[in-house]
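Enquirer: Okay, handing you the structure first.
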Amino acid sequence: MSGWLKIVGLGPGSEAMITPEVTAALQDATDVVGYVPYVNRVAPRAGLVRHGSDNREEIRRAEHALQLALEGHRVVVVSSGDPGVFAMAAAVFEALEGGDAQWRRLDIQVLPGISAMLAASASVGAPLGHDFCCINLSDNLKPWALIEKRLRLAAEADFAMAFYNPRSKARPEGFARTLEVLREACGSDRLIIFARAVSSPEESIHVTTLGEATPEMADMRTLVIVGSRQTRLIERDGAPLVYTPRSAD
Ligand SMILES: C[S@@+](CC[C@H](N)C(=O)[O-])C[C@H]1O[C@@H](n2cnc3c(N)ncnc32)[C@H](O)[C@@H]1O
């Protein structure tokens with residue numbers, strides 16, 4: 001079987017954050033499959049077919065990629081950031097598990113990328129320097145009650161928290177509720193970071209407190225980090241550094 005499937009992460013935006021391994025896979029590919037804006041990040045070239053599809057098409061897109069690989073194509077499925085973090089790797093395995101038995105014979109690899117929370121964290125210092133968790137705030141694939149339960153328990157356990165998909169245009173109320181729950185659980189002085197479009201020309205980074213934070217500070221291009229009790233600022237010339245020390249009592 002000459003076809004293969006590589007599920008890769010393109011990093012948060014900047015070319016410099018794409019790993020050499022992912023660049024090599026893209027150079028070798030006959031087909032690139034993914035959500036349109038991510039497929040558009042791969043330059044067109046002779047011998048490469050780019051298959052862009054809509055946001056909500058993950059399973060159909062995954063099945064298409066698996067079928068192309070079975071037919072002998074060298075297929076790269078692209079995600080932003082890391083493909084294993086709220087992205088296409090799990091979708092491909094969901095399709096594989098429920099689909100054509102022949103797909104299980106394929107050569108499949110997952111190539112990691114720099115996830116948005118890591119780029120966002122690095123842009124301010126080291127807020128994820130001690131224990132942390134990350135939560136997808138979208139309630140597309142899980143009930144809101146479960147998100148709220150996880151928020152409360154993560155706050156109680158004093159994790160720093162990284163939030164993906166914080167606020168969509170269709171469901172802006174979820175993030176307003178998130179801020180309410182966190183203020184109640186963590187108090188108003190807790191640090192919060194809004195890192196938007198990290199590593200792209202539109203990057204903006206805003207560090208504030210839960211008391212000062214408003215829902216409009218986040219959109220779907222924002223990664224939000226809420227510190228633990230230990231997370232602190234180091235004031236200096238220029239932007240302060242935010243970090244969480246490595247130890248806890
Ligand atoms: C569907 S998730 C994909 C996450 C991706 N697989 C990763 O590892 O970064 C999309 C969410 O990632 C976050 N995100 C992706 N790229 C970002 C960037 N450059 N800056 C800030 N947040 C980003 C946003 O929260 C966005 O709503």
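Just so it is clear, none of the values below were taken in a lab; they were calculated from the coordinates. Here the structure is a predicted model, which means the values were calculated and not measured. With ideal geometry, Cβ positions are generated from the backbone for all residues, glycine too; neighbour counts draw on all protein chains shown.
Enquirer: How much net charge surrounds Phe194 when only the other residues with a Cβ under 12 Å from the Cβ of Phe194 are counted, with Lys and Arg +1 and Asp and Glu -1?
Expert: That sum, taken over residues with Cβ under 12 Å, equals -1.
Enquirer: Scattering from the C-alpha atoms of segment 159-249 alone, worked out with Debye: what is log10 I(q)/I(0) at q = 0.18, 0.20, 0.24, 0.25 1/Å?
Expert: -0.82, -0.99, -1.31, -1.38
Enquirer: Provide, in order from the shortest bin, the percent of all Cα-Cα pairs of segment 71-147 in each 5 Å bin, continuing until the bin that contains the maximum pair distance.
Expert: The distribution over segment 71-147 is 3, 11, 17, 19, 17, 13, 9, 6, 3, 0, given as percents.
Enquirer: Now a separate question. Name the residue farthest towards the positive end of the dipole of the chain from the options Cys186, Gly98, Gly113, assuming +1 on Cβ of Lys and Arg, -1 on Cβ of Asp and Glu, about the Cα centre.
Expert: Among Cys186, Gly98, Gly113, the one farthest towards the positive end of the dipole of the chain is Gly98.
Enquirer: Another one. For the chain, take the longest principal axis of its alpha carbons; what is the angle in degrees between that and the long axis of helix 88-98, to the nearest 10 within 0 to 90?
Expert: It is inclined by approximately 50 degrees.
Enquirer: Within a 10 angstrom radius of the beta carbon, how do Arg105, Arg61 rank from fewest other beta carbons to most?
Expert: Arg105, Arg61
Enquirer: Taking the Cα centre of segment 4-114 as the origin, how large is its charge dipole in debye, to the nearest 20, when only Lys and Arg (+1) and Asp and Glu (-1) carry charge on their Cβ atoms?
Expert: 200
Enquirer: Determine the sum of side-chain charges near Val22: Lys and Arg each +1, Asp and Glu each -1, restricted to other residues whose C-beta is under 12 angstrom from that of Val22.
Expert: -2
Enquirer: Same structure, new question: When the distances between all Cα atoms of segment 4-114 are binned every 10 Å from zero, what whole-number percent does each bin get?
Expert: Reading upward from the zero bin: 16, 54, 27, 2.
Enquirer: Measure nothing fancy, just the Cα-based angle from helix 58-70's long axis to the longest principal axis of the chain, in degrees from 0 to 90, nearest 10.
Expert: The helix 58-70 is inclined about 30 degrees to the chain.
Enquirer: Compute the acute angle (0 to 90°) between the alpha-carbon long axis of helix 173-186 and the principal axis of greatest extent of the alpha-carbon atoms of the chain; round to the nearest 10°.
Expert: Computed tilt is about 50 degrees.
Enquirer: Hey, another quick one. List every residue whose amide H lies under 5 Å from the amide H of Ser115, counting only residues 5 or more places away in sequence or on a different chain, with H placed 1.01 Å from N in the peptide plane.
Expert: It is Asp82, by chain and number.
Enquirer: In addition: What list do you get for Met217, Met88 if you sort them by fewest beta carbons within 10 Å?
Expert: Arranged by neighbour count, lowest to highest, Met217, Met88 become Met217, Met88.
Enquirer: For segment 95-245, evaluate the Debye formula with one uniform point scatterer on each Cα (no solvent term) and list log10 I(q)/I(0) at q = 0.12, 0.16, 0.19 Å⁻¹, rounded to two decimals.
Expert: Taken in order of the listed q values, log10 I(q)/I(0) reads -0.54, -0.86, -1.13.
Enquirer: Could you list Ser138, Ser115 in order of exposure, starting from the residue whose Cβ has the fewest other Cβ atoms within 10 Å?
Expert: Ser138, Ser115
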